[in-house]
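Below is one structure, written out as structure tokens; comments come after it.
The values are calculated or read from the model by the stated rules, or taken from the named source; none is laboratory data. Predicted, not measured: the structure shown is a model, and the values here were computed from it. Every residue, glycine among them, receives a Cβ derived from its backbone with ideal geometry; neighbour counts consider all protein chains shown. Side chains included, ligands, DNA and RNA excluded: accessible areas come from the protein's heavy atoms. Shrake-Rupley method; radii C 1.70, N 1.55, O 1.52, S 1.80 Å.
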Amino acid sequence: MNVSYKWLKDFTDFDLSPTQLRDLITARAVTVDDLEVLRSDLKDVVVGLVVEVVPHPNSEHLNLTKVDAGGDELLSVVCGAPNVTAGVKYPFAPIGATLPGDFKIEKRKIRGESSNGMLCSARELWLGLDHEGILPIVTDAAPGTKFLSIYDAGDTRLILDVGANRPDALSHEGVAREIAAATGNALRRPSVEGYDAIPQVVRVDRSGTVGGVTVTVDDKDGAPLYIGLVIRGVQVGPSPEWLVSRLDGAGVRSISNVVDATNYVLHGLGHPLHAFDLSKIAGNAVVVRKAAAGEAIRTLDGIDRKLTDTMTVIADAEKAQAIAGVMGASTSEISDSTTDIFLEVAVFNAQRVRNTRKKIGVSTDASYRFERAMDAHAAEEVARYAAALIISLAGGAVDGAPLMIGDALPPQAKVSLRPSRVTKVLGDAVSGAECVSLLNSVGFKSMSCSPSGDCDIIAFEVPSWRADVTQEIDLIEEIARLRGYDSFSNDLRPFRVGNVPDSPAYLVGKRVTETLVSAGYFEVRPIPFVADAGEKGVKLTNPMAENEGMLRSDLISTLGKRVEYNFSHMVSNIRLFEVGVAFENTKTHEGLPTERTMAAVVLTGDRYPAHFTDAKPPQLDIWDARNVAQVVVDAAYGINGNFGKRNAFIQASNEDGAPSSAGVQFLPNQVGDGWTITLDGSAIGRVGAIELDSPVWASPVFGVEIDITPAFTGSKRYPVYKALPTTPSTEFDLALLVSNEQHASDVEAVLRAAAGDLLESLALFDEFKGKGVPEGFRSLAWRLTLRHPDRTLRDKEIEGRRTKILQTLEKELGIKQRAS
């Protein structure tokens, strides 16, 4: 939304600069995305002090002046204006400056004398039509000061990002209300002559007559409230300069005094309205009805649009003249020949307007506001204000009392607030009196407490323009922002807002995120939209962009794009991860696409930073990726041992003693390097190299993707704390001959089971193929660490455990120790 800095001052007083105002509004109400200085074409103009004026030696009509423009030397400037006087300050455009109209100032010779710039008139600066003399400036500013900093030459436009829950901020009055609350100044509505002379509205149930026009509302669901009034004898013409300036500040083009008045009310007060040329309304009848299927209308933008019977239209006795809440028809627009108008002020069904706008493919300032629900309680006042404004600009008079059709307005909502709850939620003590003061400043009225606020419960009447406030927590949020978020202490308090436990998904995701960050990986948040997600991808019915028409089916593909982006910027060492959602077009029992929370990692480049002792460190390889995958699995599926076991990669046993597929395992891929990760026999992830558009200098890229959704069901695990060991440990290595078809994880499971409770850690540290190793086998070496919690292990115990392990390996897997 565009807001004019000057227009805001019509509603409340403040001494803030545009930059200060931007910061205030952003901190307290809505985000200001940008500031636009509307007269940036004057940015090069400075304050110039004329020090000397003498006649030009070669001209009777020119003068030679010496100008102080803030530099080290005075500038010689030729000027023909008769009013230039020594000792007076004027706007000065130095050499190199560009004036409005793209007029560039260059050094010139005029009648043989050099002119180093130009003293400017109001017309040359586009500040008026007076070009008879140079524009004098009365200011204490030093020569060389920017002209725009001391002369109110232009407006500043604030670009606001207003959320869907704050339709009250879609107007200058709404924004000014927030400014007034912050500064302590009064909020006012610019007065308009003749407002009190406009009759009060007359309410009818469904149909009535105003100014000879019969108004009927057949579609009450589409138009819960409809006000119509007739103004006769207007004279359409150009708008006065003040109105053109206000609209221009908000980015609205001036059209005519009548149309500009409606736009002034829309942007100033936030309520859209529409003026029809009454002479073009057939049968002197206005009917609010549903459109007929296939009915057509040519809108104000000159486009013929087909309507459906789900849309609401404003029609005359013959045809539709406007699409309710969106746009009027070109057949009844205001023109220079218009003398009588029918003015409409309504509240349309927000959902109906949104659906209509989407179907016909057009968005307007009116539809944007109607979609966010209008303040029905303000409609009558807006109608009378708009009528008075039109009459003050274009003349004419209201014909009869305005007609209002609709049910009685609902009472304003009431919400109770407990100051004690405010203190507990926000963490700092906030008195009842402060709660009352803050909420009163933006229109909430305390109904059941004294001004001191000394009550356990305070009832507030919610202003009609704040339909988003429905419960106590909404009032607490208002108090927080009005008090200022930076006013609250940042230390931890000894209580929580509630006793609801954290979501399992949050707990698991947090564990994975913190683990990977501590391991040196950077978290990224790519958008989940892709051009092609394969057969499993989910198509979007209303994509934001044509090349992002599907929801991704995996995270690796989007992370891969981040790697390619880094490669294109000559970054070779990359460690990225994401915890996010992937989608599949298989339907859930609710008929929705399947969503899975995944943890994905990509890595490439050096294994560790270069050092003068190792200028060329080794590159990351697929085993580094496997190690990261194990770290992710440990973080997601267990703490201090997965599911209470000593290691995540262990096989459970069935009742008959045979090993089962329970637990997490890494199974080598049948084709290519890498592993498939399984949980209880079902695949949950993968580890391997990924193919990307990589430059020739880039290292191989490896990826890890693991489904962590199953971990949510058992996420409520807590760390197990143990005392530091007081007895020594014993280590020994086992080098085993393992066939190429045998999984290392199977061997490891048997090692753990045979080593028993004395096993403290087990690590695979070597693989060897070559001399001394039979064909079809490889040598795998594990290091076992044993420790007894109460005493030192004896050599006999250690050797006995070693022998048992080797016997079990040979019996169950046929594996023998490698000969030295």
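A few notes on this one:
- If the condition is being in a helix (DSSP H, G or I) and closer than 23 Å to VAL512 by Cβ, then region 524-577 contributes ILE556, SER557, THR558, LEU559, GLY560, LYS561, ARG562, VAL563, ASN566.
- Pairing residues of region 773-791 that are under 19 Å from HIS743 (Cβ atoms) with residues that are surrounded by 17 or more Cβ atoms within 10 Å (Cβ to Cβ) and acidic (Asp, Glu), at Cβ distances under 8 Å and at least 6 apart in sequence or on separate chains, gives TRP782/GLU748.
- Among (1) open to solvent by 50 Å² or more (accessible area, probe 1.4 Å); (2) over 13 Å from GLU731 (Cβ atoms); (3) in contact with a helix residue (DSSP H, G or I) (Cβ under 7 Å, 6 or more places away or on another chain), the one test that ARG801 misses: (2)
- Residue that is surrounded by the fewest Cβ atoms within 10 Å (Cβ to Cβ) [pool: residues in region 237-269 that are touching a strand residue (DSSP E or B) at 6+ places or on another chain (Cβ under 9 Å) and of a type in the set (A, V, I, L, M, F, W, C)]: VAL252
- Residue match in region 338-355 (condition: open to solvent by 70 Å² or more (accessible area, probe 1.4 Å), among the acidic types (Asp, Glu) and in contact (Cβ under 8 Å) with a residue 24 or more places away in the chain): no
- The single condition among (1) modelled with pLDDT under 95; (2) part of a strand (DSSP E or B) that ILE227 does not meet is (1).
- Cβ pairs under 8 Å, 6+ apart, first in region 21-35 and over 13 Å from LEU482 (Cβ atoms), second among the hydroxyl-bearing types (Ser, Thr, Tyr) and part of a strand (DSSP E or B): LEU35/THR156
- Strands (runs of 3 or more DSSP E) lying entirely in region 128-217 (those with 2 or more residues that are buried (at least 19 other Cβ atoms within 10 Å of the Cβ) and not aliphatic (A, V, I, L, M)): 156-161
- The single condition among (1) surrounded by fewer than 11 Cβ atoms within 10 Å (Cβ to Cβ); (2) more than 58 Å from the chain's Cα centre (by Cα) that ARG794 does not meet is (1).
- Residue list for region 306-325, filter: within 18 Å of ALA366 (Cα to Cα) and under 35 Å from the mean Cα position of the chain (by Cα): MET311, THR312, VAL313, ALA322, ILE323, ALA324, GLY325
- All positions within region 585-620 that are in contact with a helix residue (DSSP H, G or I) (Cβ under 7 Å, 6 or more places away or on another chain), basic (Lys, Arg) and not in a loop (DSSP other than H, G, I, E, B): ARG596
- Residue in region 511-518 that is open to solvent by less than 40 Å² (accessible area, probe 1.4 Å), of a type outside the set (Asp, Glu) and over 22 Å from LEU603 (Cβ atoms) present: no
This table checks each residue for (1) within 16 Å of VAL602 (Cβ to Cβ); (2) open to solvent by less than 40 Å² (accessible area, probe 1.4 Å); (3) touching a Gly at 6+ places or on another chain (Cβ under 6 Å); (4) in a strand (DSSP E or B).
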site	(1), (2), (3), (4)
VAL671	no, no, no, no
THR676	no, no, no, yes
ALA683	no, no, no, yes
ARG686	yes, no, no, yes
GLY703	yes, yes, no, yes
ILE706	yes, yes, yes, yes
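- The single residue among SER694, SER699 that is open to solvent by less than 40 Å² (accessible area, probe 1.4 Å), modelled with pLDDT of 75 or more and in a loop (DSSP other than H, G, I, E, B) turns out to be SER699.
- Meets criteria (open to solvent by less than 70 Å² (accessible area, probe 1.4 Å) and within 17 Å of PHE666 (Cβ to Cβ)) for ARG778: yes
- Those residues of region 298-317 which are within 15 Å of PHE276 (Cα to Cα), open to solvent by 20 Å² or more (accessible area, probe 1.4 Å) and not basic (Lys, Arg), in sequence order: LEU300, ALA317
Conditions tested, residue by residue: (1) touching a Lys or Arg at 6+ places or on another chain (Cβ under 9 Å); (2) farther than 19 Å from LEU42 by Cβ; (3) hydrophobic (A, V, I, L, M, F, W, C).
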position: ALA86; (1), (2), (3): yes, yes, yes
position: ILE95; (1), (2), (3): yes, no, yes
position: THR98; (1), (2), (3): yes, no, no
position: GLY101; (1), (2), (3): no, no, no
position: GLU106; (1), (2), (3): no, no, no
position: ARG111; (1), (2), (3): no, yes, no
position: SER114; (1), (2), (3): yes, yes, no
position: ALA122; (1), (2), (3): no, no, yes
position: TRP126; (1), (2), (3): yes, no, yes
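- Search result, residues across region 528-546 that are exposed (fewer than 11 other Cβ atoms within 10 Å of the Cβ) and closer than 25 Å to VAL601 by Cα: GLU535
- For GLY233, the stated conditions hold: it is on the phi > 0 side of the Ramachandran plot, of a type in the set (Gly, Ala, Ser) and either modelled with pLDDT of 95 or more or touching a Cys at 6+ places or on another chain (Cβ under 7 Å) (or both).
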